[in-house]
Amino acid sequence: MTDKTINKAGSVRRVTEAEMAEQRDYISRIRAILAQRNDKPKAFVETYGCQQNSSDSEKIKGMLSDMGYEITDEIDGADLVLYNTCAVRENAELRVFGNLGALKHKKRRNPDMIIGVCGCMMQQEHIANTIKTKYKHVDMVFGTHALYRFPQILDEALKHTRVFDIENEDGAIFEEISVKRDAPPLAKVPIMYGCNNFCSYCVVPYVRGRERSRSAEDILAECRRVADEGYKEIMLLGQNVNSYGNDLPSGTSFSELLKLVCRTEGIERIRFMTSHPKDLSDDLIEVMASEPKICNQLHLPIQSGSNKVLKEMNRGYTREQYMERLKKVRRAIPDIVLTTDIIVGFPTETNEDFNETLSVLKEVEYDMIFSFIYSKRVGTPAAKMPDVLTDEEKHRNFDEMLKVQNEISKRKNETYAGTVQKVLVEGLSKTNDKTLTGRTEGGKVVNFSCSDNNDLSLSDYVGKIVDVKITSVQTWSLFGETEN
Ligand code: SF4
């Protein structure tokens, strides 16, 4: 087996039509080769991390389907295994290495099996080098910027060439690619890539590059496509959607884009994530309040309640400024469902700083929080900061925070008991095939049964918005039955 490195020199801002045509040729070529096989080859793609990664995986699966692969949820029997990785926390990295190690024996038994790793982890040189030298059974390694070249990369791998395509070429936005989404009713639509914020703990700007916005025309065309395919809800994605358009000649702002997306016929609900608090504009709050299709939900990461820690995190706002934004949001949208991200155990965080975070939770009363213990990321400024608290103290604080938040979340959910909620039905409940599951406009999960006084089977409800009376609640979800 030979090694080959595919690098395109310079920085590509938008992938040209000619380059995409070249990739489509690779897709056709692979399809022709695979068509000669007696059985349909199977591809297993596992995704780690955020919604952006999951959206990238939908593109990869779209390309694989076009090549003739059947997408499978079972790794056993797969002809191609691809891990789309996340670099945000160490845990996810360790799991990827563990999974790759376990594939060594499978590859020995089946040398034709293709093993690949892509995504954010692969944009880190030390990780790519580890795979190159220590995981020799891996056939292809490519970073986030090389996603559109996946057909070419796979073509090489199928010819038994080991491929590494990890050049950091900020800005490769590409359109015109098949996307294999999960079934309706929810569609993820990325509006921008990368981040300019350089929070001191975060690797995203290094692995995903600077902010690049898709054109409003391309985004709206995708929204129309998903509406035609039967999707009812759109989630607009970006690391910081609030700075959408800053790099576009048209200067279209996120609030302007939202208004345009709201005009998509057939789409009933629109959500977005993530919003950076420092860029949450009055315009955006106004559009959220006035456009009925925009869900009454906001994920606004605060990360810490201590101004000292926020400064060291380079977040660009103080606790007071954050609270002022939230006040404005709540004044405009009183029933807003609020969620946030919290990091516990940032290197310089003391117990006093942590108590300030606790006090924010008590003051705001978020519906839910996504919290993590700080994970050191190579190459970030925070990685060089000395720890103030021990691991034991960090874990103790983390547990205390969960306890406080769980009580708040449960109490917030209890206010829903007895109310009637409009629920967009997503499918059958994972734990009970006699009940359906869906979400309220605020994004709360509702499991519910249907009063069977009509001819509809349960699956007929998927994609419909139904009135559900909430009969009981738990910390993370609501339960109910359809209203007649
Ligand atoms: S805003 Fe901060 S935390 Fe979010 S992706 Fe950018 S650098 Fe990372």
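The values are calculated or read from the model by the stated rules, or taken from the named source; none is laboratory data. All values reported here derive from a predicted model rather than from experimental measurement. When we count neighbours, we look across all protein chains shown, and the Cβ atoms used for this are built from the backbone with ideal geometry, even at glycine. Surface accessibility is based on the protein's heavy atoms, side chains included, excluding ligands, DNA and RNA. Shrake-Rupley method; radii C 1.70, N 1.55, O 1.52, S 1.80 Å.
See the values below:
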item: Segment 196-218 residues that are farther than 18 Å from Val88 by Cα, paired with ones that are in a helix (DSSP H, G or I) and near the ligand (Cβ under 10 Å from one of its atoms) (beta carbon under 9 Å, 6 or more apart); result: Ser213/Ser243
item: Filter result (of a type in the set (S, T, N, Q) and in contact with a Lys or Arg (Cβ under 8 Å, 6 or more places away or on another chain)) within segment 432-452; result: Thr437, Thr440, Ser449
item: Scan of segment 400-427 for residues that are out of contact with any helix residue (DSSP H, G or I) (no Cβ under 6 Å at 6 or more places or on another chain) and assigned to a strand (DSSP E or B), ordered by number; result: Val420, Gln421, Lys422, Val423, Leu424, Glu426, Gly427
item: Residue list for segment 319-334, restricted to those being part of a loop (DSSP other than H, G, I, E, B) and surrounded by fewer than 15 Cβ atoms within 10 Å (Cβ to Cβ); result: Pro334
item: Condition check for Ser243: within 23 Å of Cys262 (Cβ to Cβ) and without any contact (Cβ under 8 Å) to a residue 40 or more places away in the chain; result: no
item: Selected residue [more than 16 Å from the ligand (Cβ to nearest atom), at pLDDT below 90, on the phi > 0 side of the Ramachandran plot and open to solvent by less than 20 Å² (accessible area, probe 1.4 Å)] from Gly209, Gly171; result: Gly171
item: Pair list, Cβ under 7 Å, 6 or more apart: segment 16-42 residue in contact (Cβ under 8 Å) with a residue 12 or more places away in the chain and under 17 Å from Leu147 (Cα atoms), other residue surrounded by fewer than 16 Cβ atoms within 10 Å (Cβ to Cβ) and not basic (Lys, Arg); result: Met20/Glu176
item: Residues located in segment 312-335, provided they are among the small types (Gly, Ala, Ser) and more than 27 Å from Ala383 (Cα to Cα); result: Ala332
item: Test for Glu286: is it without any contact (Cβ under 8 Å) to a residue 40 or more places away in the chain, surrounded by fewer than 18 Cβ atoms within 10 Å (Cβ to Cβ) and more than 22 Å from Val344 (Cβ to Cβ); result: no
item: Among the residues listed as Val141, Val189, the single one being closer than 21 Å to Glu22 by Cβ, touching an Asp or Glu at 6+ places or on another chain (Cβ under 9 Å) and part of a strand (DSSP E or B); result: Val141
item: Any pair with Cβ under 7 angstrom, 6 or more apart, that starts in segment 255-276 at a residue that is open to solvent by less than 20 Å² (accessible area, probe 1.4 Å) and ends at one that is assigned to a loop (DSSP other than H, G, I, E, B) and aliphatic (A, V, I, L, M); result: Leu257/Ile191; Ser275/Leu300
item: Restricting segment 238-275 to residues that are of a type in the set (A, V, I, L, M) and assigned to a helix (DSSP H, G or I), the residue that is farthest from the ligand (Cβ to nearest atom); result: Leu260
item: Verdict on Lys469 being under 23 Å from Tyr231 (Cα atoms) and in contact (Cβ under 8 Å) with a residue 12 or more places away in the chain; result: no
item: Residue match in segment 193-204 (condition: open to solvent by 10 Å² or more (accessible area, probe 1.4 Å) and away from the ligand (no atom under 16 Å from the Cβ)); result: no
item: Test for Asp228: is it in contact (Cβ under 8 Å) with a residue 40 or more places away in the chain, out of contact with any Lys or Arg (no Cβ under 6 Å at 6 or more places or on another chain) and not hydroxyl-bearing (Ser, Thr, Tyr); result: no
item: In segment 216-237, residue nearest to the ligand (Cβ to nearest atom) [restricted to those that are assigned to a loop (DSSP other than H, G, I, E, B) and under 20 Å from the mean Cα position of the chain (by Cα)]; result: Tyr231
item: Subset of segment 253-267 (residues that are among the polar types (S, T, N, Q) and over 23 Å from Val462 (Cβ atoms)); result: Ser253, Ser255
item: Qualifying positions in segment 289-305 - open to solvent by less than 10 Å² (accessible area, probe 1.4 Å), within 24 Å of Ile267 (Cα to Cα) and in contact with an Asp or Glu (Cβ under 8 Å, 6 or more places away or on another chain); result: Cys295
item: Subset of segment 335-378 that is open to solvent by 70 Å² or more (accessible area, probe 1.4 Å) and of a type in the set (Lys, Arg) - its residue that is farthest from Asn240 (Cα to Cα); result: Lys362
item: Criterion: of a type in the set (S, T, N, Q) and farther than 30 Å from Met122 by Cβ - qualifying residue of Ser255, Ser275, Ser213; result: Ser255
item: Condition check for Ile342: among the β-branched types (Val, Ile, Thr) and more than 16 Å from the ligand (Cβ to nearest atom); result: no
item: Selected residue (only one of Ser243, Ser250, Ser275, Ser281 is under 30 Å from Gly463 (Cα atoms) and small (Gly, Ala, Ser)); result: Ser275
item: Looking only at segment 426-471, and only at residues there that are surrounded by 13 or more Cβ atoms within 10 Å (Cβ to Cβ) and polar (S, T, N, Q), the one that is nearest to Thr415 (Cα to Cα); result: Thr471
item: Filter result for the condition that a residue is closer than 18 Å to Met20 by Cα and among the charged types (D, E, K, R), over Asp182, Asp155; result: Asp155
